[in-house]
1. For the range A:8-117, what is the largest minus smallest coordinate of the Cα atoms on each principal axis, given in angstrom and ordered from greatest to least?
2. What does the extension gain come out to for A:PHE21 and A:LYS59, with contour length at 0.36 nm per residue minus their alpha carbon separation?
3. Beyond 19 Å between alpha-carbons counts as too far, so tell me which of A:LYS23/A:LYS103; A:LYS59/A:LYS95; A:LYS84/A:LYS115; A:LYS59/A:LYS100 fall in that bin.
Amino acid sequence: MGDFRKKYVCIKKDKEFRFLFNKGESIVSYAFICYVRENKRRVNRIGIVTGKKIGNAVKRNRARRVIREAFRLIEPRLREQSTKRYDFIFVARAKTTELKTDKLYSLMNKLIIGKYGKKNEQK
RNA sequence: CAACUUUAUUGUGCGGUCGCGGGGUAAUACCGUGAGGAAAGUCCGGGCAUCACAGAGCAGGAUAGCUGUUAACGGCAGCCGAAGGCGACUUCAGGGCAAGUGCAACAGAAAUAUACCGCAUUAUUUAUAGUGUAAGGGUGGAAAGGCGAGGUAAGAGCUCACCGUAGAGCGGGAGACCGUUUCUAUCUGUAAACCCUAUCCGAUGCAACACCGAUUGGUUCUGUGGAAAAACCGUCUGCUCGACGGUCACAGAUUAAGGUGGCUUGAUUUUUCCGGCGACGGAAAAAGUAGAUAGAUGAUCGCACACGACAGAACCCGGCUUAUAGAUAAAGUUGCUUU
RNA sequence: GCUUGUGUAGCACAGUUUGGUAGUGCAGCUCAUUCGUAAUGAGCAGGUCGCAGGUUCGAGUCCUGUCACAAGCA
């Protein structure tokens, strides 16, 4: 699979963020809120939102890194189990800063893989 | 040993695996590198960039002991003065109310000039009026510099002795300032009240600015023609004077999504020596030190301990201010004990 | 990154220019009115003036620092 170097792409534009907030399915947990929608590209895309409420710059960076690392671990499994590709937007919450990646990883595993992996198999 | 004062340093470290930004070799692999003492607040100063360069006056802003230091500063160093502390030491917008003006609520008779009670005296009707007066009373943050004597009708710096404050003179010092057996007196407080004095200040900020860029529209600039008496508008930080340009039409350039540069070798860092009390300056050698653009440092395993605080570069420096778990070092003060 | 503005009672605002009493409306409580409620009338309570320091006899007001919140600039 050497077609593209990066396995996933960042969402950058404001329009796309707003589109996902309005039309995407939402998954809520104590660590993060996730908006998901199917896209027609060949890659999974991710966007991370860390608002001002979380804290100062260090805490915001920390939350961003933790989410990104967890997603990086989960992403290969998602591609194996599903043929479709999705856009994800993760919104960090205040508790995200204190969590470790393995906790977040197991949480994502439960919520995202559990939902979108199986969904595809049934079809 | 205890309490305290000041200054400085450090801000988890080492190794393995996966992952991220930039660079190099070069081709999907390897090598090396990658946040701070405050990166923060944006409170000052400077570089750099663009605009204006046709200026003059006024206004406006900043600073405020002296000498030095510096690219510059409102910073820093040393010294002087005042206040606080037993002391080491700390703090201070620390020029001028003796240039002028204003303000001083309530209380009080009166707040910068005055007569309520009082004390004297004059007039007559013995109670009032006039005059003189700041000794005494109470009020207040502040009551005519304080206190004693003389003096006087009673009093008053009115006079004198002693003392304070301010100014002038003299002496010392580079200066702030200090001293003084001299002379003078418009001797309440407030300039973080207006103001005066001295010194400095053009404006805007990397979202500056330069370059590339399609249909179409707008803006600005240039050129040509028109208008050009007055008026209006714009630019020159605000105002006045003054200067320049514009008002309508056509043509060309320019600009708006985005991209590239600006973007890191610089008043650089470290070490040694020399000059200086010190801030700092000079010389030599060595080092090569983040450069992203939704914005890079995380996860995990092993070992050690104090179990890791405050906190993340965004054009770059010099300061200041604020946040900060602890750990370490040096100098000094006071008290106690021992010798 | 840069440039501005605002913090006063539970809420919305005055007062800051020119320093001496902290006020207005709504909301709250009590009483009156009414068969009862609303409206109306009378009264009451409620304030670290964002925080810290300074100037002053005395700061909501003047000065300095600081903490929040909001707006603008491609």
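1. 38, 31, 21
2. Net length gain for the segment: 11.3 nm.
3. Too far apart for the 19 Å limit: A:LYS23/A:LYS103.
No value in this document is a laboratory result; all are computed from the given coordinates. These figures come from a predicted structure and were not determined experimentally.
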